[in-house]
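**Student:** Below is a structure I'd like to ask you about.
Please treat every number below as a calculation from the coordinates, not as lab data. Treat the numbers as computed from the prediction; the structure is a model and nothing was measured. Positions of Cβ are generated from backbone atoms using ideal geometry, with glycine treated the same way; all protein chains shown enter the neighbour counts.
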Amino acid sequence: MLIREVVFLLNYTLFYMNKSKTFSFLSVIIATLAIFSSCDKEEIRTRENTLWYQQAAANWDEALPVGNGRIGAMVFGDPWHEIIQLNEESLWAGCQDDGNAPAAEYLPQIQEKLLSGKVDEAVALGEKYLVGDPLRIRSYQSFGNLNMDFEGVSSDSLSFYERRLDLEYGIATTKFVADGVTYTREVFTPAQADILVIRFKVDKRGTLNFRVSYSREKDAAVTVENDNTMAINGQIHDAPIDGVGPAGDHMKFSGLLKGFNKGGTITASDNSLVVSAADEVVFYMAMHTDYNFDKLDFDRDIDPSANCHAKLQDIQLSCYNEIRKQHISEHSALFNRVSLNIGDPAMKDIPTDVRLQAVREGQNDPNLVALYFQYGRYMLMDSSREPGCLPANLQGIWCKDMDAAWNSDFHTNINIQMNYWPAEICNLSECAIPYSNWINKVRVPGRVTAQKTFGAKGWTINHVSNPFGHTSISDGLGWGTYPIAASWLTLSQWEHYLFTCDEDYLRTEAYPSMKEAAEFLLSFMIEDKNGYLVTAPSNSPENGYRMENGEVYRFTYGATHDVEIINELFLACIKACNILNTDADFKQQLETTMKRLPPVKIGKRYNTIQEWIEDYEEIEPGHRHMSHLFGLHPGTTINDKDTTLYNGARRTLERRRKFNEDPVTRQGSYTGWSRAWLINFYARLKDSEEVGANVNALLAKNTENNLFDSHPPFQIDGNFGGTAGIAEALLQSHAGEIHLLPALPTIWGNGDVKGLRARGGVTVDMQWSEGKLQHATLTADKEGEYLVRYQDSIQTVNLKPGVIQEVKF
């Protein structure tokens, strides 16, 4: 036995003796020996970058996710009644529709009422003319469940159990020993093969016995094609419901499950597949819908069943090793671009849920922070890349429901944008491509919204959308009127250019989208009583204000949030014009218009950043949205070069938190994503201790046992925002310089990070000790001069493409 295996054996034995009240010393050591003797050398892995547990998932929020960007699965790991919940990214209820209100001719009346302070009359007109029909959209849906019921083994015979999710390999594994037999299951979703793979294996011949069935709450039927093949065919039937769009038979979907056995048999029985006396079984599953991304709609020329059969036509049991090998190679190559080491590495040998509970009880575990960081990268990899075509939704791609919370939609007033905050800095740039492609695709219906509802040029979108290109005002006037959304979305495309320096992308993808969003604003804004150009209507997402007469509204004009986004977009467009040497007249128009925008102000009422055009009273001073701080993050216009606004932003955060949380326990009503935004805000404020404290609070207050972010319920933006905030504490590059360790918390005092990306196409590696930078290297994609900062020291560094350059301070 290898030394490494001996060490693992001792670790397993000591850990289970310390932690378990069920397993005896003898049973643990026998089970551990059995497991390691049955392992292939490739299967013997450390717990680095691994979530692991001693028990099966008790519910969906404890199951473990796998995905390849298009298909996803949640693995429960129950020894006797395994559930694998399935998703396919395009399986949505609803259909394409033009819900845009023909409000353009009435918009001047609404604007006049808003600007003259007659908000009640503006609201009445808006409710009558602006709101779209349908008012709401339908939901992203689960594909269903695969159920595996095991026979012939007593639940009392379990002597060892572990389930794990290997983030590097992208494989969920369940291992347990029962009646002296070691059972091993692996579940993964290889991107190249674009299927779900499930392997069951035992170390005692002929002891694998179970039944596989499929279930879905509605709209699906199962047939058995032969003894090893199960077919699933369905079509979403949307029932008549007021305000959610047409009823009828809409998206079609199909699945195909093929099983291959080594030893024993697989037979068909009652629309199930029955495995008997096998040594090993591999199931391959294909899933497809008739969704057509190019059309933003389902397409009856697409046959999802035929696509499933084609995907599995030549597959055999013998394909497993090669598929697994290719999957590990592809997945780990992407994952291993970035490493982060902080805290005690020995903590990885404690189960993840036990560690999380310790953090809930007040302990620090920086090594768990590193795992959480990598988990965010893992989930972005697995929910947004080829072979997928859609961006990550509110739950990535993992959703168990038919009618999900907030429909698991594309929420554009921060949530989908936050999903992609880690993409560039965390070296997953290609994961932003489905998002960018979707932005460009919805420009087409967005032009209809701009013209039909707002009487404007260009394109826009409001606060919710879906794969069908929904761009109209939804969910009500105050919540849903959000025409600034397109401008924020396109800034993500600009960020992709800043990190990659890909001028072809800028010319063909980003700039046309940005320009068209800016053209909407130029034709939409109107002059107010002070001569400023303002958006009307507008809102500060989901928050409300109280006028002097006591009336409360969300509907407004010229919200600070809008002003900050407009400044950011216009500056980006001007820079893009210079880079591409194009559109001089358009550039001049932007520069002239920027001079007429309202200033971002410090309000007299509370000495904080003023959220609205007037210094209104807040009706919810602890609100989860902090939209008037967009300029601090993810924007760049509030920075330490203007200390008035910079310090005002800090006071704004302090006031928000005063009304939202206990200052000691940090308990409050913050959603997970809102807490994640706090981390990013404090990173930009260079407040390292608040960064560390809020990362711990995110783990303690807003994280499920499987490390899913809890809104509640599960909402993936908090994971992605948290990952981005951790990276932002280590590296910043938004202010024209590469700033090393700008907000390193004391509790992360020793560590290293490799592979983070800075704007300008630079890869950064760093090592620090006792909070002080010890070593840093930069590797650029292109030749140039770069400003590099550490603390108060700045130096100019000349970098050549692909050459690792050490930077010393």
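**Student:** Just report the Cα centroid separation between region 282-315 and region 197-274, whole Å.
**Tutor:** 15 Å
**Student:** List the residues whose amide H sits under 5 Å from the amide H of Met402, counting only those 5 or more places along or on another chain, with H placed 1.01 Å from N in the peptide plane.
**Tutor:** Hits under the 5 Å cutoff: Ser142.
**Student:** Mind ordering 672-682, 637-647 by average Cβ neighbours within 10 Å, highest first?
**Tutor:** The peptides rank, most packed first, as 672-682, 637-647.
**Student:** Where does helix 119-129 land angle-wise versus the long Cα axis of the chain, in degrees 0 to 90, nearest 10?
**Tutor:** 60 degrees
**Student:** Return one number: the angle in degrees, 0 to 90 and rounded to the nearest 10, between the long axis of the Cα atoms of helix 643-658 and the longest principal axis of the Cα atoms of the chain.
**Tutor:** So the helix axis and the longest Cα principal axis differ by about 60 degrees.
**Student:** While we're on this one: GluC sites (Glu not before Pro) within region 736-807: which are DSSP loop residues with at most 14 other Cβ atoms inside 10 Å?
**Tutor:** Glu770, Glu783
**Student:** Longer than 31 Å from Cα to Cα, which of Lys441/Lys754; Lys295/Lys452; Lys113/Lys452; Lys113/Lys601; Lys128/Lys595 are they? Say none if no pair is.
**Tutor:** Lys441/Lys754; Lys128/Lys595
**Student:** Could you work out how far the C-alpha centroid of region 98-139 sits from that of region 490-541, in angstrom?
**Tutor:** After rounding, the separation between the Cα centres reads 22 Å.
**Student:** Using θ = phi - 60° and the Karplus relation 6.51 cos²θ - 1.76 cosθ + 1.60, list the HN-Hα couplings for region 537-543 in order, rounded to whole Hz, with x at every Gly or Pro.
**Tutor:** x, 7, 8, 9, x, 6, 9
**Student:** Can you give the helix-only mean residue ellipticity at 222 nm for the chain, where every DSSP H stretch with n ≥ 4 adds -39500 (n - 2.57) and the sum goes over all residues, rounded to the nearest 500 deg cm²/dmol?
**Tutor:** -10000 deg cm²/dmol
**Student:** Against the longest principal axis of the chain, how steep is helix 560-580, in degrees 0 to 90 to the nearest 10, with axes from Cα atoms?
**Tutor:** Its long axis makes an angle of about 80 degrees.
**Student:** Given a cut-off of under 8 Å on Cα pairs at least six residues apart, what relative contact order in percent is computed for region 411-467?
**Tutor:** In percent, rounded to a whole number, it is 34.
**Student:** So, by mean Cβ neighbours within 10 angstrom, what's the order for 295-301, 726-732 with the highest one leading?
**Tutor:** 726-732, 295-301
**Student:** Lysines near Lys262 by alpha-carbon distance under 29 Å, same-chain residues fewer than 8 away left out - which ones?
**Tutor:** The reachable lysines, counting only those whose Cα sits under 29 Å from Lys262, are Lys41, Lys175, Lys201, Lys204, Lys311, Lys325.
**Student:** Also, I was wondering about something else. Normalised by the number of residues in region 595-663, what is the relative contact order in percent for Cα pairs under 8 Å and 6+ residues apart?
**Tutor:** Taking the mean separation of contacting Cα pairs over the length of region 595-663, I get 33 percent.
**Student:** A further question on this structure: Rounded, prolate or oblate: which fits region 637-736 when a ≥ b ≥ c are the square roots of the eigenvalues of the alpha-carbon gyration tensor, with rounded for a/c under 1.5 and prolate only if a/b beats b/c?
**Tutor:** oblate
**Student:** Also, quick follow-up: Taking Rg/Rh (Cα atoms, Kirkwood Rh) straight from the coordinates, which label in (i) 1.03; (ii) 1.06; (iii) 0.98 is the correct one?
**Tutor:** The value matching this structure is (iii).
**Student:** Still on this structure, I have one more. Show me the ranking of peptides 109-116, 307-314, 83-90 by mean Cβ neighbours inside 10 Å, starting with the highest.
**Tutor:** 83-90, 109-116, 307-314
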